[in-house]
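Worksheet for the structure shown next.
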């Protein structure tokens with residue numbers, strides 16, 4: 001299948017990281033998923049820690065979510081018109097994110113961040129935007145400058161095809177460095193339209209923010225009339241019912257969402273204060289549109305997902321299982337003598353093969369990617385499906401119960417022992 005796909009799609013895939021180029025080998029073609037497991041077309045079963053890069057927080061094929069999609073599909077797949085289910089999901093999101101006084105649905109996280117930046121530029125009348133090294137906010141031209149995720153994996157954080165003039169309008173600062181934020185705004189704060197930040201970075205691997213860093217961004221954007229955009233495409237509803245901004249008392253002007261709010265269906269959303277969002281067409285003059293935005297299947301899937309996430313004990317359970325897995329991996333690293341760090345926030349984490357703490361893009365780049373590649377392939381043999389990149393997060397769902405965590409740790413142990421054996425042999429390329 002991959003040989004055929006390689007004759008049809010660039011690199012054989014519809015999104016770069018799926019090609020396994022960073023880790024070598026041929027990607028499995030997935031046939032089905034249920035709970036915390038997936039099966040490939042060769043009938044191999046895996047415990048899934050990718051979960052479609054985060055949205056399947058309830059696991060694959062949750063019966064209530066599938067039922068909602070099927071019942072909605074029987075009434076029609078797409079109308080290009082307002083629907084009641086769109087209104088319901090919008091109200092649920094606003095209730096969870098009160099700072100999103102007005103919002104607009106789109107079809108992906110990339111659309112959400114791209115649109116939010118356009119609105120920020122239109123609202124302020126400025127063109128310069130600020131992002132942070134290693135942060136991936138989608139593949140819009142303005143954002144493919146020192147980006148993480150797939151670009152980081154392949155060592156090409158900047159993309160051909162991005163006009164030089166547009167790239168010059170993007171300033172990149174080190175993540176978790178409040179002094180750099182302060183220094184920049186002292187020099188040219190009045191020319192900055194917006195700052196976009198992941199409150200928890202997830203696309204250079206999981207990097208937890210220093211709260212002083214977030215406070216300084218909020219302080220400087222407020223002082224200089226710049227828009228602060230919180231990119232919660234990955235973290236929204238992942239850590240808590242709502243966003244990381246609630247946990248950190250972080251108050252952005254605009255927020256972008258994706259992943260979980262559609263329960264695995266293609267979706268995104270952006271929103272902010274009434275004052276900002278009333279500038280969006282047709283109420284204002286900033287244009288953004290999408291025929292499939294607010295698609296009823298995605299809306300129904302999102303409503304069913306968020307309804308189940310409201311269960312009070314759910315996030316506590318996810319925290320408990322995630323801590324159990326993270327602490328177990330740390331113990332295995334210690335027992336095998338392999339240098340590594342586990343960065344975790346709630347039910348998303350990254351195992352960095354590094355002897356030193358990882359707190360920004362520079363420290364993430366010091367990780368041993370060759371070691372990760374070998375470890376990844378051993379995990380795959382053991383039936384553990386991880387993101388095929390050192391610079392991605394992996395995720396847990398409500399279906400990763402105690403038994404699954406124990407099974408996983410046993411498989412991780414085998415993979416780490418084989419990796420240590422490979423290291424001790426001098427990392428022979430033939431292996």
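The values are calculated or read from the model by the stated rules, or taken from the named source; none is laboratory data. Please read these numbers as outputs of a predicted model, since none were measured by experiment. Note that we place each Cβ from the backbone using ideal geometry, even for glycine, and neighbour counts take in every protein chain shown.
Here the condition is being assigned by TED's automatic domain parsing to the domain that holds residue 269, at pLDDT 95 or above, closer than 28 Å to residue 179 by Cβ and crowded, with 20+ Cβ neighbours inside 10 Å; of 116, 112, 135, it holds for 116 alone.
Taking the listed residues 28, 63, the one that is without any contact (Cβ under 8 Å) to a residue 12 or more places away in the chain and either in contact with a strand residue (DSSP E or B) (Cβ under 7 Å, 6 or more places away or on another chain) or under 23 Å from residue 297 (Cα atoms) (or both) is 63, with no other qualifying. Restricted to the range 138-169, and to residues there that are part of a helix (DSSP H, G or I) and in contact with a strand residue (DSSP E or B) (Cβ under 7 Å, 6 or more places away or on another chain), the residue that is modelled with the highest pLDDT is 143. Restricting 293, 301, 281, 222 to residues that are surrounded by fewer than 24 Cβ atoms within 10 Å (Cβ to Cβ), touching a residue at least 60 places away in the same chain (Cβ under 8 Å) and over 27 Å from residue 351 (Cβ atoms) narrows the list to 293.
Checked against the criterion of being on the phi > 0 side of the Ramachandran plot and either part of a loop (DSSP other than H, G, I, E, B) or surrounded by fewer than 24 Cβ atoms within 10 Å (Cβ to Cβ) (or both), the candidates 236, 242 yield just one match: 242.
Scanning for something touching a residue at least 24 places away in the same chain (Cβ under 8 Å), surrounded by fewer than 19 Cβ atoms within 10 Å (Cβ to Cβ) and either outside the structural domain of residue 362 (by TED's automatic domain parsing) or touching a helix residue (DSSP H, G or I) at 6+ places or on another chain (Cβ under 6 Å) (or both), does the range 199-206 turn up at least one residue? Scanning the range 199-206 turns up no residue that is touching a residue at least 24 places away in the same chain (Cβ under 8 Å), surrounded by fewer than 19 Cβ atoms within 10 Å (Cβ to Cβ) and either outside the structural domain of residue 362 (by TED's automatic domain parsing) or touching a helix residue (DSSP H, G or I) at 6+ places or on another chain (Cβ under 6 Å) (or both).
Checked against the criteria, residue 172 does not count as in a loop (DSSP other than H, G, I, E, B), at pLDDT below 95 and over 17 Å from residue 16 (Cα atoms).
Residue 114 passes every criterion in (1) over 21 Å from the mean Cα position of the chain (by Cα); (2) assigned to a helix (DSSP H, G or I); (3) free of Cβ contacts under 8 Å to residues at least 60 places away in the same chain apart from (1).
Checking each residue in the range 177-198 for being in a strand (DSSP E or B) and either more than 14 Å from residue 232 (Cβ to Cβ) or not assigned by TED's automatic domain parsing to the domain that holds residue 129 (or both) picks out 192, 193, 194, 195. Residue 339 passes every criterion in (1) in the same structural domain as residue 374 (by TED's automatic domain parsing); (2) within 21 Å of the chain's Cα centre (by Cα) apart from (2). In the range 399-431, of all residues being in contact with a helix residue (DSSP H, G or I) (Cβ under 6 Å, 6 or more places away or on another chain) and part of a loop (DSSP other than H, G, I, E, B), the one that is modelled with the lowest pLDDT corresponds to 431.
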